[in-house]
Amino acid sequence: MNTNKRIAVAAAVVFLVVLTFLSGRFQPDAKDTAEQPSTSPAEGTVEQDDESKANDDPRITRLADGRTVLNASADQAKKLYQDADPQRDLEIVADILTHYIQVFREKPFGSENAEILAQLLGENPKRIAFLSPDSPALSSQNELLDRWGSPFIFHPLTTEAMDIRSVGPDQILWTDDDLSLPFETLEKELQLQPGEDRI
């Protein structure tokens, strides 16, 4: 075989090797494709569709940070300040606490407004929020405010019941314009049994 033929054969072999290499590099086999995460928009869309399916439950709203808002409770909070009777606000807050008790079988721990609200906003074992984080009834310190802009006062009465008090228009505690729910109302709303232990 003369030199020109040897060069042509060598060039053909090199060409085939390079072609095979490039072909394998730009068309990975199925195993390689499965191991690499996809960033294609089509697959991203499918993931969003799967996520939206998970959010189809009308009872809840999933937040980006992993918390789940219980819509029935958050809807109650939207009714704050809507009724002409400010006593209705206390009943709404009692309803929100009742939702918490139905889920956890106990009231939120503590007596400070911010402490109670942290649990109602999802700092609890199930990361369930009973108020929407953007509720207009929340202060910048995440306290639940009455219609005059003062934090509601929470006072534990039993293992399941809590006195909820508004300091009223004068914004001073223990004056004549303070508002609170009668304890009998709390017992009825929470369906407490007669003689249940008090704390």
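The values are calculated or read from the model by the stated rules, or taken from the named source; none is laboratory data. All figures in this text were calculated on a predicted structure; none of them were measured in a lab. Cβ coordinates were reconstructed from backbone atoms using ideal geometry, including for glycine residues, and neighbour counts include every protein chain displayed. Please note that ligands, DNA and RNA were not included when accessible areas were found on the heavy atoms of the full protein model with its side chains. Shrake-Rupley method; radii C 1.70, N 1.55, O 1.52, S 1.80 Å.
Key figures
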| item | result |
| --- | --- |
| Residue under evaluation Gly66, criteria (1) at negative phi; (2) under 15 Å from the mean Cα position of the chain (by Cα); (3) of a type outside the set (A, V, I, L, M, F, W, C), criterion not met | (1) |
| Where Met162 falls short, out of the listed (1) among the hydrophobic types (A, V, I, L, M, F, W, C); (2) closer than 14 Å to Leu97 by Cα; (3) modelled with pLDDT under 95; (4) touching an Asp or Glu at 6+ places or on another chain (Cβ under 9 Å) | (4) |
| Residues satisfying the stated conditions in the stretch 95-131, i.e. open to solvent by 30 Å² or more (accessible area, probe 1.4 Å), in a loop (DSSP other than H, G, I, E, B) and free of Cβ contacts under 8 Å to residues at least 40 places away in the same chain | Arg105, Phe109, Glu123, Pro125 |
| Cβ pairs under 6 Å, 6+ apart, first in the stretch 55-67 and within 16 Å of Phe130 (Cβ to Cβ) and open to solvent by less than 50 Å² (accessible area, probe 1.4 Å), second outside any loop (DSSP other than H, G, I, E, B) and hydroxyl-bearing (Ser, Thr, Tyr) | Ile60/Thr68 |
| Test: residue in the stretch 133-143 that is in contact with a Lys or Arg (Cβ under 8 Å, 6 or more places away or on another chain) and either in a strand (DSSP E or B) or under 19 Å from Leu90 (Cα atoms) (or both) | yes |
| Residues of the stretch 141-176 satisfying the condition of being among the acidic types (Asp, Glu) and without any contact (Cβ under 8 Å) to a residue 12 or more places away in the chain | Asp170, Asp176 |
